1. Once a ≥ b ≥ c are taken as the square roots of the eigenvalues of the Cα gyration tensor of the stretch 13-56, is the result rounded (a/c under 1.5), prolate (a/b larger than b/c) or oblate (a/b not larger than b/c)?
2. Suppose R0 equals 35 Å; then what is the FRET efficiency for residue 13 and residue 54 from their Cβ-Cβ distance, rounded to the nearest 0.05?
3. To the nearest 0.05, what FRET efficiency results for residue 74 and residue 31 with a Förster distance of 22 Å applied to their C-beta separation?
4. Extension gain residue 64-residue 20, at 0.36 nm per residue separation less the Cα-Cα distance, in nm?
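Please treat every number below as a calculation from the coordinates, not as lab data. Quick caveat: nothing in here was measured; it's all calculated off a predicted structure. A quick note on method: Cβ atoms are made from the backbone with ideal geometry, for glycine too, and the neighbour counts reach across all protein chains shown.
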């Protein structure tokens with residue numbers, strides 16, 4: 001039986017990929033908010049797009065730097 005498999009490294013790679021996917025998803029959602037609310041750029045949609053987009057960008061940067069993103073630090077939500 002070979003002990004070459006490193007479960008902590010595999011888990012880290014999966015977390016990085018998951019963070020990158022979530023980051024792309026959040027950036028896409030922020031862009032969708034901006035596109036759908038172009039006619040009425042009030043404070044609500046703009047603020048939501050900024051918050052969601054910044055969380056997505058932070059998740060992408062954290063995945064690239066091999067750190068835990070803010071979304072993963074929140075913990076399990078009900």
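1. Note, shape of the stretch 13-56 comes out prolate.
2. 0.90
3. For R0 = 22 Å, the calculated efficiency reads 0.45.
4. So the extension gain works out to 15.0 nm.
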